[in-house]
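Okay, structure first, notes after.
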Amino acid sequence: MPKNTNTPKKKTLSARRVLALFLAFITLCVAGGAVTSLLFLPAVLGANSVVKAVTPSLEVEGISFDVTSLPQKSTMYANDGTTVIAEFYAQNREVVPLKDISTAMQQAVVAREDKRFFEHSGVDVQGVLRAFVQTYVKEGDQQGGSSLTQQYVKNVLATQAREDNDPIAEYHATEDTIARKMREMLIAVQMEKTYTKAEILQGYLNIAQFGSNSLYGVQAAAERYFNTTADKLTVVQAATIAAITKNPSQYDPSIEANQAEAEKQRNIVLELMYQQGYITEDEYTTAKNTPLVDTLDIQDVSHGCMAASYDAGFFCDYVVHKIENSSEFGDTEAEREKLLQEGGLKIVTTLDIDANTELMETANATIPADDASGMEIVMASVKPGTGEVLGFGLNRTYDATDAAATDQTKSSMNYAVDQIDGGGSGFPIGSSWKPINLVAWMQKGHSIMENLINPTDYVTSEFNCDGYTGGTDVWHVTNALTNGTVSPESPFLGLVHSHNTTMASLGTKIGLCAVADAAKAMGYHNAITGQEDVYSSVSMHPSLLIGGTTSVSPLTMANVYATIAADGVECTPIAMKSVTDADGNALTVPSANCHQAIDKDIIQTVAYAMNQGVVRSDGAATVAQLDNNRKTFAKTGTNEDTYVTTGGFIPNQIATFVLVGDVQDPTNNPIANISINGEYHSYWDGSTIAAPAWKKFMNAYAEKKNLPIDNDYGTPAEKYISTSTSSSTSSSSSSTSSSTTTQ
């Protein structure tokens, strides 16, 4: 057989010896000196700014070795600031100062990785020469010989390369070459001239990988494997963790197939600790004979909104979108995402665990996720006067995987919020809009007791104003069920009975713009990105007066009702109360911008009218009456056979909005002539399903929180319920018509 001429020639032994001598020469040149052991010195200061206070800035090749610059996980909390909802990380790490890492853990990693750590000046000459001879001269198994300082350098360089999305730099930081080793040595020696041994050990313990699944640093490892913290790690636990970094994927003890080898590696560390005088013979024997599986208390490390606790996946997703969309957290979306995943943020949200839990339970009890109707229920709650979003209720499980596309019970689309925040394009809400009309009416100086003449046909030009120009076309409008009108009738009774014709007549007297202005003042905007303004063509049509052209999210409507619940104070919905970075510095969060938007007398009067719609036997929302004789403020709505709604509030405590329908395909799956959760109706409206769900939730929440009963709220101002104002005259009509009917 001919000789393979492509086989590379082996280096001669003399060449290896020359290279060995050169490496030894460089090593001896850069590594001389001895350092007194600092292992048991009072460790690093640091509770407030963790390690930053004790970590001098060292720049080598443009790389910062400040341990606080390491990627750290961010944690999202409920509104109490202590209940964890979710964690986010590119690398699961929580940086801690050396004083918060147990002595056993420090000793274990030194025993395993670098027994002469406290003697050398960055490079272990004996270790390097031994490894070089074993690997390149004797051609034995490859050995590293790197000091703990060198390993820290390697980790920092690789981490920085990943941060910079620089695969070439990452390759050079980890390639198995003498050039890489030489570079590490030079940087390591420079580090030892700037940092103390304690600071270097601290950096290594926070940056090294101690498991698969992006687990970095001893604090994360302590939590993952033993459900404890780094300062409480025992000898056995510390030895287990110290063993992992040699091969994180093979020695990770949370993987059952690894446990036999993980125990073997742990025992090697224990033996090294004994040989180096860190533990006694009895401690070594006892620890070695302890089965590894008996020491483990494995904790879930799932992260992101998919792993959110307390059924808060949809709320978590809303907060993430708020961070990604808010300039307070960076100039670009990519910067904001990186801050969330790596910035070590503490995000205290507005989530009320009780509210969110009850909302989700109510949604799923009203319409089970697998219900044959396919209908969805979407709920949102806001705390009046604060803008704080308390929670969401959807009859779906939050799931952002591909499985959600083919599983009716799962979704990652939060239809309770605007499109930009991960929701849909909004919904027509029917008569739940009508309280806004009364606000606009009173803002123009009218009493809600004035009688109006209410035909069923209106030329659209009758609603003209600066922001809307109608034409000669006719809007035909009737009242639900009766298919006619009631005339004359006051706006007050028009709201109580939810009569569309009265609302249409009201609009001709004050113009459509007055209603749009009132809506904006109360917090209304469309959900469609780029079409948010109520004055956009999406919504500006006379049928806005009966909620027929709204394109609004349930959260926005909950916020509108919150304005009524807070005596006219309107706030922008907010998802976060505070955010602090890894050093404890407070970051600016989006503001609620709370302000007095509507006159209190007007608000009290519209609240009075809403309450009358509940308590009167002929009112449209009687099914919403809350328990314990609590004064109730609610309004139902029905948009033809597509969506049914209910909005309402408990004064100064909570405002909630409910929407039911097929949020994806209402045209082909109308909410009519169907059974929902085993109950059949030929005609579903707000009172048959949305109002009962609203009532169930509000009663449960009020009881859970022991909310005070304020039966003085909703006291009307005399000037707005006076009957002295003369009745208005009839509007003109035309023979051409188009029909829209809502309730």
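The values are calculated or read from the model by the stated rules, or taken from the named source; none is laboratory data. All values reported here derive from a predicted model rather than from experimental measurement. All Cβ positions, even for glycine, are placed from backbone atoms using ideal geometry, and neighbour counts span all protein chains on display.
Is the stretch 449-463 home to any residue that is in contact with a Cys (Cβ under 7 Å, 6 or more places away or on another chain), crowded, with 19+ Cβ neighbours inside 10 Å and not β-branched (Val, Ile, Thr)? Show your work before the answer.
Step one: filter the stretch 449-463 for residues in contact with a Cys (Cβ under 7 Å, 6 or more places away or on another chain), giving none.
No, the conditions are met nowhere in the stretch 449-463.
Restricted to the stretch 471-525, and to residues that are within 23 Å of residue 557 (Cβ to Cβ) and of a type in the set (D, E, K, R), which residue is nearest to the chain's Cα centre (by Cα)?
520
Would the stretch 342-352 turn up any residue that is in contact with a strand residue (DSSP E or B) (Cβ under 7 Å, 6 or more places away or on another chain), among the charged types (D, E, K, R) and at pLDDT below 95?
Scanning the stretch 342-352 turns up at least one residue that is in contact with a strand residue (DSSP E or B) (Cβ under 7 Å, 6 or more places away or on another chain), among the charged types (D, E, K, R) and at pLDDT below 95.
For the stretch 593-611, name all the residues that are surrounded by 19 or more Cβ atoms within 10 Å (Cβ to Cβ) and either touching a strand residue (DSSP E or B) at 6+ places or on another chain (Cβ under 6 Å) or modelled with pLDDT under 95 (or both).
So in the stretch 593-611, the residues surrounded by 19 or more Cβ atoms within 10 Å (Cβ to Cβ) come out as 598, 602-611.
Of everything in the stretch 593-611, those that are surrounded by 19 or more Cβ atoms within 10 Å (Cβ to Cβ) and either touching a strand residue (DSSP E or B) at 6+ places or on another chain (Cβ under 6 Å) or modelled with pLDDT under 95 (or both) turn out to be 607, 610, 611.
Looking at residue 138, is it at pLDDT 75 or above and either of a type outside the set (Asp, Glu) or on the phi > 0 side of the Ramachandran plot (or both)? First the steps, then the outcome.
On the way: at pLDDT 75 or above: no; either of a type outside the set (Asp, Glu) or on the phi > 0 side of the Ramachandran plot (or both): yes.
No.
Output the number of residues of the stretch 544-579 satisfying the condition of being over 26 Å from the mean Cα position of the chain (by Cα), surrounded by fewer than 21 Cβ atoms within 10 Å (Cβ to Cβ) and of a type in the set (Gly, Ala, Ser).
Counting residues in the stretch 544-579 that are over 26 Å from the mean Cα position of the chain (by Cα), surrounded by fewer than 21 Cβ atoms within 10 Å (Cβ to Cβ) and of a type in the set (Gly, Ala, Ser) gives 0.
Just to be sure, is residue 616 at pLDDT below 95 and of a type in the set (Lys, Arg)? Even if it seems obvious, please write down each step before you answer.
Working: at pLDDT below 95: yes; of a type in the set (Lys, Arg): yes.
Yes: the conditions hold for residue 616.
Give me a count of the residues in the stretch 450-504 that are closer than 25 Å to residue 641 by Cβ, in a loop (DSSP other than H, G, I, E, B), in contact (Cβ under 8 Å) with a residue 24 or more places away in the chain and of a type in the set (Ser, Thr, Tyr).
The total comes to 4.
Suppose we keep only residues that are in a loop (DSSP other than H, G, I, E, B) and polar (S, T, N, Q) within the stretch 225-264. Which one would you say is nearest to residue 104 (Cα to Cα)? Walk me through how you get there before you give the answer.
The first filter runs over the stretch 225-264 and keeps only residues in a loop (DSSP other than H, G, I, E, B), leaving 227-229, 233-234, 245-247, 252-255.
Pick out the ones that are also polar (S, T, N, Q) and you get 227-229, 234, 245, 247, 254.
Numbers: 227: 17, 228: 14, 229: 13, 234: 6, 245: 16, 247: 21, 254: 21 Å.
Once the filter is applied, the top-ranked residue is 234.
So that you can scan it fast, the table gives a plain yes or no per residue for (1) within 28 Å of residue 475 (Cα to Cα); (2) surrounded by 16 or more Cβ atoms within 10 Å (Cβ to Cβ); (3) among the small types (Gly, Ala, Ser); (4) at pLDDT 95 or above:
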{"position": "697", "(1), (2), (3), (4)": "no, yes, no, yes"}
{"position": "720", "(1), (2), (3), (4)": "no, yes, no, yes"}
{"position": "724", "(1), (2), (3), (4)": "no, no, yes, no"}
{"position": "731", "(1), (2), (3), (4)": "yes, yes, yes, no"}
{"position": "738", "(1), (2), (3), (4)": "yes, no, yes, no"}
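Picking from 111, 86, which residue would you name as being modelled with pLDDT of 80 or more, of a type outside the set (S, T, N, Q), crowded, with 23+ Cβ neighbours inside 10 Å and more than 29 Å from the chain's Cα centre (by Cα)?
Working: 86 fails: more than 29 Å from the chain's Cα centre (by Cα).
Of 111, 86, the one residue that is modelled with pLDDT of 80 or more, of a type outside the set (S, T, N, Q), crowded, with 23+ Cβ neighbours inside 10 Å and more than 29 Å from the chain's Cα centre (by Cα) is 111.
Of 418, 457, which residue is under 26 Å from residue 560 (Cα atoms) and among the charged types (D, E, K, R)? Working first, answer last.
Numbers: 457 fails: under 26 Å from residue 560 (Cα atoms).
Criteria check complete, one pass: 418.
Quick one: how many residues across the stretch 238-253 are more than 11 Å from residue 269 (Cα to Cα) and out of contact with any Gly (no Cβ under 7 Å at 6 or more places or on another chain)?
Pass one, the stretch 238-253, residues more than 11 Å from residue 269 (Cα to Cα): 245-253.
After this cut, where a residue has to be out of contact with any Gly (no Cβ under 7 Å at 6 or more places or on another chain) as well, the list is 245-247, 249-251, 253.
Number of matching residues: 7.
What number goes with the only condition from (1) touching a His at 6+ places or on another chain (Cβ under 9 Å); (2) over 20 Å from residue 497 (Cβ atoms); (3) of a type in the set (Gly, Ala, Ser) that residue 592 does not pass?
(1)
Residue by residue through the stretch 570-586, note down the ones that are touching a residue at least 12 places away in the same chain (Cβ under 8 Å) and not in a strand (DSSP E or B).
If we filter the stretch 570-586 for residues that are touching a residue at least 12 places away in the same chain (Cβ under 8 Å), which is where we start, we get 570-584.
Of everything in the stretch 570-586, those that are touching a residue at least 12 places away in the same chain (Cβ under 8 Å) and not in a strand (DSSP E or B) turn out to be 571, 572, 573, 575, 581, 582, 583, 584.
Quick one: which of 288, 246, 232 is closer than 23 Å to residue 201 by Cβ, at pLDDT 95 or above and not aliphatic (A, V, I, L, M)?
When all the criteria are applied, what remains is 232.
So that you can scan it fast, the table gives a plain yes or no per residue for (1) surrounded by fewer than 17 Cβ atoms within 10 Å (Cβ to Cβ); (2) part of a helix (DSSP H, G or I); (3) of a type in the set (A, V, I, L, M, F, W, C):
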residue	(1), (2), (3)
273	no, yes, yes
286	yes, yes, no
294	yes, yes, no
310	no, no, no
324	no, yes, no
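Can you find even one residue in the stretch 519-529 that is touching a helix residue (DSSP H, G or I) at 6+ places or on another chain (Cβ under 7 Å), buried (at least 19 other Cβ atoms within 10 Å of the Cβ), among the aromatic types (Phe, Trp, Tyr) and not in a loop (DSSP other than H, G, I, E, B)?
No, the stretch 519-529 contains no residue that is touching a helix residue (DSSP H, G or I) at 6+ places or on another chain (Cβ under 7 Å), buried (at least 19 other Cβ atoms within 10 Å of the Cβ), among the aromatic types (Phe, Trp, Tyr) and not in a loop (DSSP other than H, G, I, E, B).
Those residues that are without any contact (Cβ under 8 Å) to a residue 40 or more places away in the chain and out of contact with any Leu (no Cβ under 6 Å at 6 or more places or on another chain), I need them from the stretch 276-312; list them, please. Can you show your working first?
Of all residues in the stretch 276-312, those without any contact (Cβ under 8 Å) to a residue 40 or more places away in the chain come to 277, 280-282, 284-286, 288-289, 291, 293-294, 300, 302.
Correct list: 277, 280, 281, 282, 285, 286, 289, 291, 293, 294, 300, 302.
Matching residues to (1) surrounded by 24 or more Cβ atoms within 10 Å (Cβ to Cβ); (2) under 21 Å from residue 146 (Cβ atoms); (3) out of contact with any Leu (no Cβ under 8 Å at 6 or more places or on another chain):
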residue: 202; (1), (2), (3): yes, yes, no
residue: 206; (1), (2), (3): yes, yes, no
residue: 218; (1), (2), (3): yes, yes, no
residue: 225; (1), (2), (3): yes, no, no
residue: 236; (1), (2), (3): no, no, no
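For (1) in contact with a strand residue (DSSP E or B) (Cβ under 9 Å, 6 or more places away or on another chain); (2) surrounded by fewer than 18 Cβ atoms within 10 Å (Cβ to Cβ); (3) modelled with pLDDT under 95, each residue gets a yes or a no:
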site	(1), (2), (3)
396	yes, no, no
404	yes, yes, yes
412	yes, no, yes
415	yes, no, no
431	yes, no, no
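Kindly list, by first and then second residue, each pair from a residue in the stretch 374-402 that is without any contact (Cβ under 8 Å) to a residue 60 or more places away in the chain to a residue that is of a type in the set (A, V, I, L, M, F, W, C) and buried (at least 24 other Cβ atoms within 10 Å of the Cβ), limited to pairs with Cβ atoms under 6 Å and residues at least 6 apart or on different chains.
So the pair list comes out as 395/363; 395/377.
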